[in-house]
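Please read the structure below before turning to the comments.
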Amino acid sequence: MDPLSEIREKIKRIANGNGSFTCFTAKVTSVDGETCDVELEGMKLTDVRLRAVMNGEDSKILVTPKIGSHVLVVDLSGNLSQLAAVGYSEVEKIEIDATDKIIFNGGNNKGLIQIEKLTQKLNELVIAINAHTHPVVSGSATGVMVSALSPFSSSDYEDTKITH
């Protein structure tokens, strides 16, 4: 059998299987770590995986749905024992842990800053400038009146919705 026909046959076997692969939409009632509970037509389904593949690795994309929102659930077993959320109407948070790189918007803005280290460096600069600034008597023809610089606070420019 040629490779294309073999692939076609394998896809047919997977698709037909035992007819147990199903998807449905359900309402999220609670979230606990990497699982959630959902309600489907008055029936409570527990331990719905928020990571479709649980392989024990630390790298992951974990999408946490908002309680009260709806998720698309895949029944991987056909008997409601292996459920995984694969689509979300509303998302509370997304956690991404990659073994190598995470690229946002093409990566054109380079790396993210470490906000506390940047703030510390800026404040060291403020201290150095303030230490070498000598106030000049008002009206002096030889100098300019310089006021001391105030320290930086990361809360003035930090977006806490994206952390790393």
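Laboratory data are not the source of any read-out in this text; all were calculated from the coordinates shown. Because the structure is predicted, anything quoted here is derived from the model rather than measured. Cβ coordinates were reconstructed from backbone atoms using ideal geometry, including for glycine residues, and neighbour counts include every protein chain displayed.
Annotation: amide H-H contacts under 5 Å for E92 (H modelled 1.01 Å from N, sequence separation of 5 or more, or interchain): T64, K66. Within the stretch 26-114, the trypsin sites (Lys or Arg not before Pro) that combine a DSSP coil assignment with at most 12 other C-beta atoms in a 10 angstrom radius are K101, K110.
Within the shell defined by Cβ-Cβ distances under 10 Å, the residues around T29 carry a net charge of 0, with Lys and Arg each +1 and Asp and Glu each -1.
Pairwise Cα separations in the stretch 87-131 fall into 5 Å bins from 0 onward with the following percentages, short to long: 5, 14, 12, 15, 16, 13, 9, 8, 5, 2, 1, 0.
If the chain between K44 and I162 were fully stretched, how many nm would it gain, using 0.36 nm times the residue separation less the Cα-Cα distance?
Between K44 and I162, full extension yields an extra 39.2 nm.
Applying a threshold of 32 Å to the alpha-carbon distances of K66/K101; K10/K110; K27/K60 flags K10/K110 as lying beyond it. Once you list every other residue whose beta carbon is under 14 Å from the beta carbon of T99, what net charge do they have if Lys and Arg are +1 and Asp and Glu are -1? That sum, taken over residues with Cβ under 14 Å, equals -2. The stretch between S5 and S89, if pulled fully straight at 0.36 nm per residue, gains 26.4 nm over its current Cα-Cα span.
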